[in-house]
1. I'm checking my understanding of the structure. Among residues of region 350-385 that are outside any helix (DSSP H, G or I) and β-branched (V, I, T), which one is farthest from the ligand (Cβ to nearest atom)?
2. Could you please let me know if A47 is touching a strand residue (DSSP E or B) at 6+ places or on another chain (Cβ under 9 Å), surrounded by fewer than 24 Cβ atoms within 10 Å (Cβ to Cβ) and touching a residue at least 24 places away in the same chain (Cβ under 8 Å)?
3. Select, from L483, L439, L487, L449, the only residue that is in a helix (DSSP H, G or I), closer than 26 Å to Q600 by Cβ, open to solvent by 10 Å² or more (accessible area, probe 1.4 Å) and away from the ligand (no atom under 14 Å from the Cβ).
4. Against the conditions (1) in contact with an Asp or Glu (Cβ under 8 Å, 6 or more places away or on another chain); (2) touching a residue at least 40 places away in the same chain (Cβ under 8 Å); (3) away from the ligand (no atom under 15 Å from the Cβ); (4) more than 17 Å from L419 (Cβ to Cβ), where does V299 fall short? Just the number, please.
5. Step by step: first the residues of region 315-344, then only those that are within 16 Å of the ligand (Cβ to nearest atom) and buried (at least 22 other Cβ atoms within 10 Å of the Cβ), then the one that is nearest to L178 (Cα to Cα). Which residue is that?
6. With respect to S191, determine if the residue is small (G, A, S), open to solvent by less than 10 Å² (accessible area, probe 1.4 Å) and touching a Phe, Trp or Tyr at 6+ places or on another chain (Cβ under 7 Å).
7. Among the residues of region 490-517, count how many are hydroxyl-bearing (S, T, Y), away from the ligand (no atom under 16 Å from the Cβ) and not in a loop (DSSP other than H, G, I, E, B).
Amino acid sequence: MCGIVGYVGPKDGVGIVLDGLRRLEYRGYDSAGISAVRDHTLDSVRAVGKLKALEAKLTSAPIHGSPVIGHTRWATHGVPSEANAHPHTDDALAIAVVHNGIIENYLELGAMLRATGVQFRSETDTEVIAHLIRHYYRGDLFAAVTRALQDVRGAYAFGIVSKDDPGVLIAARNGSPLVIGVGDNEHYIASDATALIKYTRRVMYLDDGQAAEIRADRTAIHDLNGKLQSLEVKTVDWDLAMAEKGGYPHFMLKEIHEQPEVIRNVLRGRVAANGADVALDDIKLAPEILVKCPRIFIVACGTAWHSGLIGKRLIESIAKVPVEVDIASEFRYRDLLLPPGSVVIPVTQSGETADTLEALRAARRAGATILSLVNVQGSTIARESNAVLPLRAGIEMGVASTKAYTAMVAAFALLAIHLGRLRGSLAPEAAGALLSDFLRIPDKIAACLANQRTILECASDPRFRDAASALFLGRAYNYPTALEGALKLKEISYIHAEGYGAGEMKHGPIALVTDKLPSVFIAPQSATRDKIVSNMQEVRARNGVILAIATEGDAGIAAHAEKVVYIPPCLEPLSPLLTTIPLQLLAYHISVNRGCDVDQPRNLAKSVTVE
Ligand code: AGP
């Protein structure tokens, strides 16, 4: 949802800001722009399309300077065009602003400014901020910004520079993420720390309602009433290699292949020496809260929500605690009847998803304890939670989430075993059996990754590759896998796909089945395997084309499917960690074969920071 980068210091900041934008391009990529201050001049360059277009313009007409701000855009107000690209400037072309978020009262502010003679040049909600700062400017940029922000309603992260205040970079935040990077006699700002790790790992996370006046050698942070604030400098433990492709053609493929290591990381140090207990010391939550909680509520969006659906099954069957799962954007608009002692679990890769954050805040207001499953340390959701179970998936750059998803499912499995043991609803022998199978999952994922022949065949088979639509069907633990498989295909190949409970198919979707509609059945060894085979027969009887995901040794299944991908055997509750791998690969290879942009699919952004 738009990426912001800024630099102030002794170097020419243009290359640094461009480099940061490259790492943030996953947040939005419909246009980009950059502004640099040099010798009391302000130069701006903007371009429609991906960052490459901006880089090409800068190569033919370079700009230089410090401070510098840059932006990569995901359009909310106004089409992707050069006029709507950031930075936006005031009438005097003195002040430049980059923004991530939505200004809710921009029409009202715009009307007030138009009445003073201001001419607007874009359709965005952001431009009003540049004019508003100019309106209040009396020779001190920071004072003008903080005054202007008192008039603004909505969500924002801003980076602001002015030719009349050289050496000053202003940052402000309310509802959209922003970090300040601390260098050696230089400072940076960015929407997330991944943009900065090449330059510094020392960061300060700006809080809502704070604005910072940043110079090369110092930073002063104030609230909007001018009160000085202090922020701790934290060290990010991700390294640069995590933000690079490491020889893979796409981030998504790299991240798919990282999953064995990710699950090892999720498990590392968390299986107790007795092999029957889970040590989740990093949660930092009083065990009584988990022992006594009468009900758990999981809230998340998209892929994270799919992990939550699996989390519900795991927690209910292993720990015997009732669980409700909500799409975060729906949760906050329902009457929240949370029994006292309830625990709410927001699940999120980015930790910045606006819908999930607002669901968290609604749950807090309703008195719940918040235990989040979060990948990005220091993110807003991590900071606003009572406790966090870190996902340890490392930086995920591909817009289509893969490794963060399996990390979420694995974290739910650990949490379910932990709860079951704490509450006495899971016997040590049963916990031991689950955990010993769990420890073998990374090698089994590696085996799934090594076995891509059938997936590659399907991905180049016109019946799958050129399909207009596809069905993904599964039951029980793998019903959410069906939803996730369909979402992956939709997101990156633009093939319409529906995920359904396989038993539900006969209640409607079967009407779609012809020889032109491929179906993917997720049918590993499980309590419902035979029922799924019956559903496969129903599709075959109507000339449907079937790809089945089944367990090695299931000789019977091949008679009911065109193609079968076999996964290693495992306990049913852990099976989504394996069945999802061929579905990720299928979506990936179909997307490549259709010539789609795998890592930056159209209309999407990785981190959705607007509601
Ligand atoms: C997944 O492939 C998505 N692009 C999307 O559904 C994502 O999972 C969702 O926006 C939630 O993001 P979060 O995990 O960062 O909160």
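1. In this case the residue turns out to be T369.
2. Yes; evaluated as a whole, the condition is true for this residue.
3. Answer to the selection: L449.
4. Going through (1) in contact with an Asp or Glu (Cβ under 8 Å, 6 or more places away or on another chain); (2) touching a residue at least 40 places away in the same chain (Cβ under 8 Å); (3) away from the ligand (no atom under 15 Å from the Cβ); (4) more than 17 Å from L419 (Cβ to Cβ) one by one, V299 breaks only (3).
5. The qualifying residue nearest to L178 (Cα to Cα) is A328.
6. no
7. 1
Matching residues to (1) in contact (Cβ under 8 Å) with a residue 60 or more places away in the chain; (2) in contact with a helix residue (DSSP H, G or I) (Cβ under 6 Å, 6 or more places away or on another chain):
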residue	(1), (2)
R313	yes, yes
L337	no, no
V343	no, no
Q377	yes, no
V388	yes, yes
K403	yes, yes
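The values are calculated or read from the model by the stated rules, or taken from the named source; none is laboratory data. Just so it is clear, the structure is predicted and the values come from calculations on it, not from any experiment. No Cβ is skipped: glycine too gets one built from the backbone with ideal geometry, and neighbour counts run over all protein chains shown. SASA here: full protein model, heavy atoms, side chains in, ligands and nucleic acids out. Shrake-Rupley method; radii C 1.70, N 1.55, O 1.52, S 1.80 Å.
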